[in-house]
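Colleague: Please find one structure pasted underneath; my questions will follow.
The values are calculated or read from the model by the stated rules, or taken from the named source; none is laboratory data. These numbers come from a predicted model, not from an experiment. Cβ coordinates were reconstructed from backbone atoms using ideal geometry, including for glycine residues, and neighbour counts include every protein chain displayed. The area values use the complete protein model at the heavy-atom level, side chains included, leaving out ligands, DNA and RNA. Shrake-Rupley method; radii C 1.70, N 1.55, O 1.52, S 1.80 Å.
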Amino acid sequence: MAKRAAIRAAAVRLALEHGLEAATVDAISEAADISPRTFFNYFATKDEAFSIEPHQWTTEEIVGELRDRPAGEAPAESMRAVIKAMAEAAGFAHFAQEWELLQELYRRHPELFARIRVTQVDATITALTDMLAARIGTDPTQDLYPAMLVNASFAALQTAENLFRTHGGALDALIDEAFNLLVRGL
């Protein structure tokens, strides 16, 4: 994850300093001190380097985290554990600055955000929804619960992160508080 995050950081800084068009795979690779071939070991496309993957995790890693949870665990507890693992692994002191730079890039290039949102976040949400539905034995096309829980889990993370960045405190405790609200039904 560290190499992937470093490449992403170089891509974002390059795009902010010189424009999105100047942030070619070759330029990103040079800025990250890697070869273009190495770039493609981490990202399938240039746009993917600007993705909003939750905390630098790939969809496969997030789904794997859910898959590894105990089979009989309550779905909300499984999602809480997945979200907390993502937050813990992210190293928020460093990530907060990178997140702000990424947000600035999206403000300058809303078309990039639109492309990435559809391809990355929706794929992650769908994969997690399908995995959660399989774990609880329901059809995600007929039952709203898995998709609602997955989306609410990411909203809980985002809310906890925002409070953490703006007011401090313990991120782990904020995530727990957010999930406790979800479990109680807000």
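Colleague: Of all alpha-carbon pairs in the chain, indicate the percentage at a distance above 27 angstrom.
Modeller: It works out to 32 percent of all Cα pairs.
Colleague: Have a look at Gly72, Gly19, Gly64 and tell me which one the Gaussian network model of the chain (Cα, springs below 10 Å) gives the largest fluctuation.
Modeller: The residue that fluctuates most here is Gly72.
Colleague: May I ask you to derive the relative contact order of the chain, considering only C-alpha pairs under 8 Å and at least 6 residues apart, and to give it as an integer percent?
Modeller: 22 percent
Colleague: Looking at the chain, do any whole DSSP H helices span at least 15 angstrom along their long axis by alpha carbon and average 0.0 or above on Kyte-Doolittle, and which?
Modeller: 2-18, 75-90, 122-136, 145-167, 171-184
Colleague: Here's something else I'd like to know. With +1 on the Cβ of every Lys and Arg and -1 on the Cβ of every Asp and Glu, and nothing else charged, how large is the dipole of the chain about its Cα centre, in debye rounded to the nearest 20?
Modeller: Value, rounded to 20: 80 debye.
Colleague: Heavy atoms of the protein only, probe of 1.4 Å, neighbouring chains included. What is the accessible area of Val150 in Å², nearest 10?
Modeller: We get 0 Å² for Val150.
Colleague: Once you have the Cα-Cα distance between Thr141 and Glu77, take 0.36 nm times their residue separation minus that, and quote the gain in nm to one decimal.
Modeller: Working it through step by step, the gained length comes to 20.8 nm.
Colleague: After finding the eigenvalues of the alpha carbon gyration tensor for the range 99-147, what semi-axes result from the square roots of 5 times each, listed largest first in whole Å?
Modeller: Semi-axes, largest first: 31, 10, 7 Å.
Colleague: Write down Rg/Rh for the range 107-175, rounded to two decimals, with Rg from the C-alpha atoms and Rh from the Kirkwood relation over Cα pairs.
Modeller: That ratio is 1.09, to two decimals.
Colleague: Want the number for Glu177 to Ser35: 0.36 nm per residue separation, take away the alpha-carbon distance, what's left?
Modeller: 46.8 nm
Colleague: Residues with beta-carbon under 11 Å from that of Glu73, excluding Glu73: net charge, scoring Lys, Arg +1 and Asp, Glu -1?
Modeller: Once all neighbours under 11 Å are counted, the net charge is +1.
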